[in-house]
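Contents: one structure, followed by commentary.
The values are calculated or read from the model by the stated rules, or taken from the named source; none is laboratory data. Predicted model, so just to flag it, every value in this text is computed and none were measured. Please note: Cβ atoms are built from the backbone with ideal geometry, for glycine as well, and neighbour counts cover all protein chains shown. The accessibility values were calculated without ligands, DNA or RNA, using every heavy atom of the protein model including side chains. Shrake-Rupley method; radii C 1.70, N 1.55, O 1.52, S 1.80 Å.
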Amino acid sequence: MGNSLNCVNCHLDAGRLADSAPLWGAYGMYPAYRAKTKNVDTIENRMQGCFMYSMNGKAPAVDAPEMKALVVYMYWMATGAPVGKNLPGRIYPVLKNPPRAPSWEAGQLVFEKNCQICHGKNGEGQYTNGQAVFPPLWGEKSYNWGAGMHRVNTAAGFIKANMPLSQGGQLSDQDAWDVAYYINSQVRPKDPRQTATIEEAVKKFHEENCNYGKEIHGTKLGL
Ligand code: HEC
Ligand code: HEC
């Protein structure tokens, strides 16, 4: 792992919580074609993605003991669940586009009011004995520019359902979009798929709902 995050930070309650990409919802949906990899991904391949991007680390091999343990855990959680059926509560809720385009300034206000107390003024999180008690939202110790959470729509869905912690559903959709835009307009580790220029990587890997490669408040994102 290349950052201070753990799987549970985004897959809440040990991967059990509906609307926070629960692992029981995932298990029966793979193998599946994914546009991101342009490949038919097995459940192991899908998790390798989270290791490389969300955790900014190196993915264990498909037959590594850690991978086997994760697959066994998911299989157990999905006991009795149908295969190939998109169960209610899988992944994060999809929010409709907000009434007004998401804004940095509005997002900063939402952040200061609702998030900063746990995640820190600069999104750096809070640590005890080197362990993140409140995970970072941006900076070197956070998810990288290849992670699903860097997409403003994906983060907005997660935040609306789950944040502030244990008070999910309280923010308006607009607030969730604004704060998602704000945290995803900050500096974070490089997209590991970027081999040449940012512009080339933008074309290849980044579409809408994403600020990678843009200059926001004087910072070019992705460098
Ligand atoms: C920074 C947040 C974050 C972290 C940390 C993270 N993930 Fe994910 N994970 C995501 C997002 C975002 C998705 C895609 C959700 C979506 O499509 O809306 C996802 C998707 C998945 C899926 C597929 C879900 C489905 O229903 O298709 C699995 C399985 C998964 N992650 C496992 C893991 C494991 C195992 C770890 C730890 C090694 C991990 N994740 C760490 C954010 C994270
Ligand atoms: C009461 C403390 C608290 C507040 C307030 C809070 N969070 Fe969190 N947040 C957490 C904790 C703790 C986790 C990790 C959950 C876990 O591991 O079970 C988390 C996880 C996250 C994650 C996924 C992990 C990561 O670091 O990327 C995001 C994104 C996030 N919070 C955004 C927000 C936003 C945006 C707000 C304000 C609207 C907010 N949080 C308010 C405690 C809080």
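Residue 172 meets all of the listed conditions (1) within 14 Å of ligand 1 (Cβ to nearest atom); (2) more than 17 Å from residue 54 (Cα to Cα); (3) open to solvent by 40 Å² or more (accessible area, probe 1.4 Å) but one, namely (1). When the test is whether a residue is open to solvent by 70 Å² or more (accessible area, probe 1.4 Å), among the aromatic types (Phe, Trp, Tyr) and at negative phi, residue 33 passes it.
Quick check: is even one residue across region 96-108 under 18 Å from residue 9 (Cα atoms) and within 13 Å of ligand 2 (Cβ to nearest atom)? No, there is no match, as no residue in region 96-108 is under 18 Å from residue 9 (Cα atoms) and within 13 Å of ligand 2 (Cβ to nearest atom). Looking at the structure I just gave you, is residue 157 assigned to a helix (DSSP H, G or I), under 14 Å from the mean Cα position of the chain (by Cα) and not basic (Lys, Arg)? Taking the combined requirement at face value, the residue satisfies it. So which residues in region 152-168 are within 18 Å of residue 136 (Cβ to Cβ), within 9 Å of ligand 1 (Cβ to nearest atom) and of a type outside the set (A, V, I, L, M), if there are any at all? Correct list: 154, 158. Would you call residue 62 open to solvent by 70 Å² or more (accessible area, probe 1.4 Å) and either near ligand 1 (Cβ under 9 Å from one of its atoms) or in contact with an Asp or Glu (Cβ under 6 Å, 6 or more places away or on another chain) (or both)? In short, yes.
Listed here are the residues, each with its yes/no results for (1) part of a loop (DSSP other than H, G, I, E, B); (2) surrounded by 14 or more Cβ atoms within 10 Å (Cβ to Cβ); (3) among the aliphatic types (A, V, I, L, M).
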residue: 29; (1), (2), (3): yes, yes, yes
residue: 48; (1), (2), (3): no, yes, no
residue: 94; (1), (2), (3): yes, no, yes
residue: 105; (1), (2), (3): no, no, no
residue: 111; (1), (2), (3): no, yes, no
residue: 118; (1), (2), (3): no, yes, no
